[in-house]
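None of the figures in this text is laboratory data; all of them are computed from the coordinates on show. Because the structure is a prediction, the values reported are computed rather than measured. Note: ideal-geometry Cβ built from the backbone for every residue, glycine included; neighbour counts use all protein chains shown.
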């Protein structure tokens with residue numbers, strides 16, 4: 001549950017950055033600090049895409065967390 005929540009929340013924050021128009025500036029800043037130049041351009045905000053992104057990444061995080069928990073319990077306990 002924790003990993004799914006963290007991944008979903010992280011992508012919700014990203015969606016908010018896109019909605020407020022701050023995402024491109026953040027990407028440009030991060031790439032410049034790594035001495036990179038990218039042709040990646042942030043598109044306009046879409047609520048339906050944002051909701052789907054948060055749901056899918058939350059679900060993937062939940063599944064990965066479940067599998068990691070089962071592996072941990074099998075070998076550590």
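Observations on the structure shown:
- Residue satisfying condition, being without any contact (Cβ under 8 Å) to a residue 24 or more places away in the chain and in contact with a helix residue (DSSP H, G or I) (Cβ under 9 Å, 6 or more places away or on another chain), within set 26, 6, 53: 26
- Checking each residue in segment 34-72 for being part of a loop (DSSP other than H, G, I, E, B) and closer than 19 Å to residue 12 by Cα picks out 41, 42, 43, 44, 45, 46.
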